[in-house]
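Colleague: Could you have a look at this structure, given as structure tokens, before my questions?
No lab work stands behind these numbers, since they all come straight from the coordinates. Everything numeric in this text was worked out from a predicted model, so none of it was measured. Every residue, glycine among them, receives a Cβ derived from its backbone with ideal geometry; neighbour counts consider all protein chains shown.
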Amino acid sequence: MFGTLNLPTAASLYSPPETRFSSSKRSVKAYAATATEARPYSLSAAVHPASLYEVLRVERTASLTEIKTAYRSLAKMYHPDAMIQQHHQDEDDKPEIESDSESDGRDFIEIHNAYATLSDPAARALYDLSLGDTTSQFSNQRGPFGFGVGFGFSAPNRTGFYPTRRWETDQCW
Amino acid sequence: MAEPAYTVASDSETTGEDKSSSAFPEIAIGIDVGTSKCSVAVWNGSEVELLKNTRNQKMMRSYVTFKDDIPSGGVSNQLSHEHEMLSGAAIFNMKRLIGRVDTDPVVHSSKSLPFLVQTLDIGVRPFIAALVNNVWRSTTPEEVLAIFLVELKAMAEVQLKRPIRNVVLTIPVSFSRFQVTRIERACAMAGLHVLRLMPEPTAVALLYAQQQQQAVNENIGGASEKIALILNMGAGYCDVAVAATAGGVSQIKALAGSTVGGEDILQNMMRHLLPDSEILFSNHGINEIKSMGLLRVATQDAIYKLSSQTSVQIDVDLGNELKICKVVDREEFEEVNRKVFEKCESLIIQCLHDAKVETKDVADIIAVGGCSYIPKIRNLVMSICKRQELYKGMNPLEAAVCGAALEGAVASGISDPFGSLDLLTIQVTPLAIGIRVEENNFVPIIPRNTTMPTRKELAFTTVRDNQTEVLIVVYEGEGEKVGKNHLLGYFKIMGIPPAPKGLPEINVCMDIDASNVLRVLAGVVLPGSRHPAIPVMEVRMPTVDDGHGWCAEALDRTYGSALDLVTVQKKI
């Protein structure tokens, strides 16, 4: 979904997110397809994920006001309620409003999580520190910030039996 | 237009899955069903307009009379006198009763109303009945609300000259998800499709957002963020919200609410004037009902007067040689209702705290609802925020319904050439949602005041070696023990591969989508495996129905702690 966000075309926004946990409407077939095809999340070490700043489309040096403004303007585009309205304006003849508003949420949840971190000075400072480090460390930081939208928290290593693993990389879900 | 037919569908009708909005933009109307009064508003193409009934009223009493064969509600019915509503034939305060069981203190406090509220204190729905020709005729809060909504619908259809289907309703912040399903059922019975259920202060926040947006458009000033504290206190509920507003976006920061309102103030005063009134009226004899009605009207009158004058003379003959002749001053009134005011105060403080907002950052204080006319309430909210005045741009009785009508237009996909509908509300969850773990503890998975839509998850594990089943019991509320919270549903995960305790990882994920539908998902993973050991369970909540008060007890009796789980201790 990080990739999707950076694509400005409307088409990609309305396409159902691939790794989403099933809403009852999704068919089994769709799962099978996504399990083998595109892996937008990938393993975080392989593909550098968008930073929270990129999610909000602001500079690393952005002020709190800029972050808030960016959040609000993105919310107006990606909040499921706002998308219903856009849909009515843009494509009045398309009867797929329901399926779109059903496939909602993920973009907005991600935007909100980015905002939640960056609008809190302490959390932002911590996050900035993690950005300075290597990619792998950054990805470890994601758990505590509640970044993952999917089944995506870092599994705790409490037993020592298995390494850190994120559900969102588990396409079988 | 002909007399509206009361075609209330059967109570067994489900709220249905047909959430699909039609392709043509039918503008949803906004309805504010208050505990005591109700109003309807709609976006008329350029602004929000309140609809009036045939008697030119914008605010209609929320009640239904079962006097004749056909019940009639406060929309069309003409009361010959206030006492008619208190004769036992009319059911009111349904918003306080809907979705509650007979052990609920709120239901108990309703027992002194003129109609019959009978409790057996066993955790089922209370018996509610209206007195019709000396017969107690039973009904339900859902049925009463549905009859009332049918009248509202008919009224709106006559005025707007089109069929009405989609509505946005306002609800109290403290409503549990189970109560929400009761409201949805009442709407379904009335043939209405609920587009959104908005917590009341968030509807007010949306109106505020629109007003700020318009002010910015007119002055071409800076669109800086403004934080508003909203107190909405009516007859039944006291709700508080903190909202950050800019550019037509109303971002709810926190919500707080409680079942405390004008009805409590009224009952406290009645008790103050006639200390043993509850015992006196508990039998519901014809004469007692009449006395009760007289006292109620006199007390209500006195409370209204105390908003503008410092003392009031109460002089009422209740019959049976019972006379009340008393002067009550404002100080006495405030002392009698001290607990109500303290509760309001604590809700405001909690909401500001949850929103992480300092009082100095609050730009506007908005007090709406019937109780906002009480001087003590106004002073209280101003003193907490250290301000001298309240926001003046809204009619306190119409703010919530106007906000609901705006949301109705926005959710129907209507746009306005002048940008008046360029609005968005970012809602939060009013109550925490979580599951039961060992020793009846409650572990929240989605904390309260979480922005919606949302998806959160937490890992749990087994408490016994070779435990193959766990019970996922979902609750909503703020209590640390599940007993204090509302049960939403439960399901069992079976077939967990035998393993030492603490080893299988049970992931419980909760998902609330934009239309506020809650889904609970649970999956099991064994260490070393990347795949779920058994198929994931997905359950739409709430699943409980009437008599749900018993479910938790029955589960406990049958399974004890055998199917418990515990939280996995996370290393941070």
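Colleague: Compute the helix-to-body angle for B:141-160: its Cα long axis versus the longest principal axis of chain B, expressed 0 to 90° and rounded to tens.
Modeller: 70 degrees
Colleague: Going toward the positive end of the dipole of the stretch B:357-415, with +1 on Lys and Arg Cβ and -1 on Asp and Glu Cβ, which of B:Leu380, B:Asn395, B:Ala367 do you reach last?
Modeller: So the residue furthest toward the plus end is B:Leu380.
Colleague: Round to the nearest 10 and give me the degree value, 0 to 90, for the angle of helix B:375-384's Cα axis relative to the longest principal axis of chain B.
Modeller: Long axis of B:375-384 versus the principal axis of chain B: about 40 degrees.
Colleague: Normalising by the residue count of the stretch B:433-567, find the relative contact order in percent from Cα pairs under 8 Å and 6+ residues apart.
Modeller: Relative contact order here is 28 percent.
Colleague: Shifting gears a bit: Provide Rg over Rh for the stretch B:199-334; use the alpha carbon set for both Rg and the Kirkwood Rh (inverse mean inverse pair distance).
Modeller: My calculation of the ratio gives 1.20.
Colleague: Something else: Read phi for every residue in the stretch B:550-562 and hand back ³J(HN,Hα) as whole Hz from Karplus 6.51 cos²θ - 1.76 cosθ + 1.60, θ = phi - 60°, with x for Gly and Pro.
Modeller: Whole-Hz 3J(HN,Hα) from phi for the stretch B:550-562: 7, 4, 4, 4, 5, 4, 5, 5, 7, 10, x, 9, 4.
Colleague: Continuing with the same structure: Using unit Cβ charges (K, R positive; D, E negative) and no other charged atoms, how large, in debye to the nearest 20, is the dipole of the stretch B:44-153 about its Cα centre?
Modeller: 120 debye
Colleague: Would you grab the residues whose amide H sits under 5 Å from the one on B:Thr35? Only those 5+ places off in sequence or on another chain, please, with H modelled 1.01 Å from N.
Modeller: B:Ala235, B:Gly236
Colleague: Using only atoms on other chains, find how many Cβ atoms lie within 10 Å of each Cβ of peptide B:448-460 and report the average.
Modeller: Mean shielding count: 5.
Colleague: Something else: What do you get for the angle between helix B:200-219 and the principal long axis of chain B? Use alpha-carbon atoms, 0 to 90 degrees, nearest ten.
Modeller: 80 degrees
Colleague: Pop out the ³J(HN,Hα) list for the stretch B:328-343 in order, Karplus 6.51 cos²θ - 1.76 cosθ + 1.60 with θ = phi - 60°, rounded to Hz; leave Gly and Pro as x.
Modeller: Using θ = phi - 60°, the values come out as 10, 9, 4, 4, 5, 4, 6, 5, 4, 9, 3, 5, 4, 5, 5, 5 Hz.
Colleague: Now a separate question. Could you order the peptides B:409-416, B:384-391, B:37-44 from most to least packed, using the average number of other C-beta atoms within 10 Å per residue?
Modeller: B:37-44, B:409-416, B:384-391
Colleague: Here's a follow-up. Using amide H atoms built 1.01 Å from N in the peptide plane, name the residues 5+ places from B:Gly73, or on other chains, whose amide H lies under 5 Å from its own.
Modeller: Sorted by chain and number, the residues that satisfy this are B:Thr65.
Colleague: If R0 is 41 Å, what FRET efficiency do you get for B:Thr558 and B:Asn283 from their C-beta distance, rounded to 0.05?
Modeller: Working from the Cβ atoms, E equals 0.55.
Colleague: Hey, another quick one. With viscosity set to 0.890 mPa s and temperature to 25 °C, compute the Stokes-Einstein D of the stretch B:131-228, Rh being the Kirkwood radius across alpha carbon pairs; µm²/s, no decimals.
Modeller: Reported coefficient: 150 µm²/s.
Colleague: Let me ask you something else. Pairs of Cα atoms under 8 Å, at least six residues apart: use those to get the relative contact order of chain B, whole percent.
Modeller: 14 percent
Colleague: Something else now. Counting only pairs 8 or more residues apart or on different chains, how many lysine pairs in the stretch B:433-567 have their Cα atoms under 21 Å apart?
Modeller: 4
Colleague: Once the Cα atoms of chain B are picked out, what are the Rg and Dmax in Å?
Modeller: 24.8, 82
Colleague: Counting Lys +1, Arg +1, Asp -1, Glu -1, what net charge surrounds B:Val75 among other residues with beta carbon under 10 Å of its beta carbon?
Modeller: Cβ neighbours under 10 Å give a net charge of +2.
Colleague: Using the Kirkwood radius over C-alpha pairs as Rh, can you work out the diffusion coefficient of the stretch B:433-567 via Stokes-Einstein at 37 °C, viscosity 0.692 mPa s, in µm² per second?
Modeller: After rounding, the answer is 218 µm²/s.
Colleague: Same structure again: With n ≥ 4 as the cut-off for DSSP H runs, can you work out [θ] at 222 nm for chain B, using -39500 (n - 2.57) per run divided by the number of residues, rounded to the nearest 500?
Modeller: Result for chain B: -8500 deg cm²/dmol, rounded to the nearest 500.
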